[in-house]
1. Please sort by residue number the trypsin sites (Lys or Arg not before Pro) in region 10-48 whose DSSP state is loop and whose Cβ has at most 10 other Cβ atoms within 10 Å.
2. Which distance in Å, rounded to a whole number, links the C-alpha centroids of region 26-105 and region 135-188?
3. Tell me whether region 29-110 comes out rounded, prolate or oblate; compute the Cα gyration tensor, take square roots of the eigenvalues as a ≥ b ≥ c, and use a/c under 1.5 as the rounded threshold.
4. Over the chain, what is the relative contact order in percent, taking alpha-carbon pairs closer than 8 angstrom and at least six residues apart?
5. Quick one: helix 127-142 against the long Cα principal axis of the chain, what's the angle to the nearest 10°, folded into 0 to 90?
6. Which distance in nm do the two modelled labels at GLU94 and ILE115 give, with both placed 7 Å along the Cα-to-Cβ direction?
7. Before anything else, pin down the relative contact order of region 86-242: Cα pairs under 8 Å, at least 6 apart, normalised by residue count, whole percent.
8. On a 0 to 90° scale, report how tilted helix 112-122 is relative to the longest principal axis of the chain, with both axes built from alpha carbons and the result rounded to the nearest 10.
Amino acid sequence: MRLFVHHRTEYSFSEPQRRVVQRARIVPSSFVGQNIIDWQIDVGCDVRLRSARDGYGNETTMLYVDGPVERISITVSGEVLTENRAGMVEGAPEPLPPMVFLRATHLTNADKAIIDFAEGVAADAQGPLDTAHRLMRALHEKVRFDATGMDVDRTAADAFANGHGVCQDHAHIFVAAARALDIPARYVSGHLYRRDGGSAQTAAHAWAEAHIPDYGWIGFDPANDLCPDEAYIRVAVGLDYREAAPLVGARIGGGIEVLDVGVSVSDTQSQLQTQS
């Protein structure tokens, strides 16, 4: 599938900032089943950019903006060729061994409720692959998808107790439950083409990957009860949201910061340009 992405992030400040530094994970890598044809970053002010790779193999871009600045607009436009590999990840940068992704974080710590849930799901499973599929399905049924009320600081335990959450919450709970079963798992950020025709979105998408013996890394999206197919564009991975977030940073200056994000993923370039 040929997909076109337009991802806009705009920061507005109530007072001019003396300096803003951002680390962006907004550039996807090519690997088997995902071929980046074109990818561009445009910043609506004077900026210094520095590209690198982080410890997870993600492509990163550091943005340095000297003030005074009251607004920063970061726009990503890209064209990607994808194919359905049933969630299997092959040929992506992998600088770390899978066992690293057994480590819990504050956002992905499994409490007793998640551990009991995971063990119940795994009780009748036939091996790690079957366990991961059952976990995705059970989580999709138990935790209702709720596009409202995103909170980047919400933990897997809190989201599980609430019984509803955004895709970030589903990914965190899956990761926590898988690790509780000694299955390495990680958080994935990226983009999703909606086949229902709703190309305009308010945020990027998130799912999880589990490392399965004899298969390697496989993606699981509990929010949609689906292993990523050709509608998914994989951008960054990490132990949790904070380590795979599209943009994180710091600023020097007072006042209030307002963030506005808009994402469009389309299978036609003309439709994408109309909505951008």
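1. On the way: sites: ARG18, ARG19, ARG23, ARG25, ARG48; in loops: none.
Listed in order of number, the matching sites amount to none.
2. 23
3. In terms of gyration-tensor shape, oblate.
4. Relative CO of the chain lands at 29 percent.
5. The answer is roughly 70 degrees.
6. 2.9
7. About 31 percent, as a whole number.
8. 60
Each value in this text was obtained by applying a stated rule to the coordinates, not by laboratory testing. Bear in mind that the values here come from a model prediction, so they are computed numbers and not experimental data. In this analysis, Cβ positions are derived from the backbone assuming ideal geometry, glycine residues included, and neighbour counts consider all displayed protein chains.
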